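Q: If you scroll down you'll find the structure; I have some questions about it.
Please treat every number below as a calculation from the coordinates, not as lab data. Because the structure is a prediction, the values reported are computed rather than measured.
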Amino acid sequence: MGQVLGLVQIDQSTVAIKETFGKFDEVLEPGCHFLPWCIGKQIAGYLSLRVEQLNVRCETKTKDNVFVTVVASVQYRALADKAYDAFYKLSKTKQQIQSYVFDVIRATVPKLDLDVAFEQKNDIAKAVEDELEKAMSAYGYEIVQTLIIDIEPDVHVKRAMNQINAEARLRVAASEKAEAEKILQIKKAEGEAESKCLAGVGIARQRQAVVDGLRDSVLAFSENVPGTTAKDIMDMVLVTQYFDTMKEIGASSKSSSVFIPHGPGAIRGVAAQIRDGLLQANTV
């Protein structure tokens, strides 16, 4: 019914291109318009003023000869005051934008190594945006923003990069583990040295106590038993020590078989050997 009466409705964020007998007449704003078709008035087409997004995948090569796929996202829109240019000068907007993106990326990325390309994504996006803004403004379009949303190396390159990263982390872990083991060994050695030092001090004190005990025993025995000599007392002490030693060996559950000469003569021989050893030590 509207077409019969010549009424046309144009939605918000949209403009219409009005022609008269095929010639451009004017740009119609959103709202209701009267177009008497009987005198050649008609709508040639509609142009959206909303921001549109185009994702472009471009394969190229970096300076260090690594093939990558760069994914660029271009956000653009037609300008209302340049609707004539946007409608009549450019027929395939997306293909035109894609061509410019390909041109800039393939001219920029080959100058950069792979790692640098990842670091300079914003610089690549800025170069694409500047080139598109300069080219598309002549066709009535505004470039709102350009983003490099992904740089995808070849799958084998990605696997190698991950392997390099993993090996580096393993080297750090191995170094830290070796350092920890070194510290443990040092602490263990320090502990053993301290333990041996304390054990030596303990043995020295033990021997000193034995010597003091023997001296006190000899003095006490000489005073209480008249006529005894120091030699007699030492022989008795050695015999007592001999029997105590045999008792300890027999009481130990882990002791092995030990063959020791036994008898009065053997005991006298043991005592004589101990005395001779002490005398030789004193002489030296």
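Q: Amide H of residue 49: which non-local residues (sequence gap of 5 or more, or other chain) have their own amide H closer than 5 Å, using H built in the peptide plane?
A: Distant-sequence amide H within range of residue 49: 14, 15.
Q: Could you tell me which of the pairs 23/82; 94/121; 111/134; 18/89; 63/134 are separated by over 19 angstrom between their Cα atoms in the structure shown?
A: 94/121; 111/134; 63/134
Q: Before anything else, pin down the relative contact order of segment 1-109: Cα pairs under 8 Å, at least 6 apart, normalised by residue count, whole percent.
A: After rounding, I find 22 percent.
Q: To continue, here is another question. Please turn the phi angles of segment 115-130 into ³J(HN,Hα) values with the Karplus equation 6.51 cos²θ - 1.76 cosθ + 1.60 (θ = phi - 60°), one per residue in order, whole Hz, x for glycine and proline.
A: 5, 5, 4, 5, 6, 10, 4, 5, 5, 5, 4, 5, 5, 5, 5, 4
Q: Report relative contact order for segment 1-65 in percent, whole number only (criteria: Cα-Cα under 8 Å, sequence separation at least 6).
A: 33 percent
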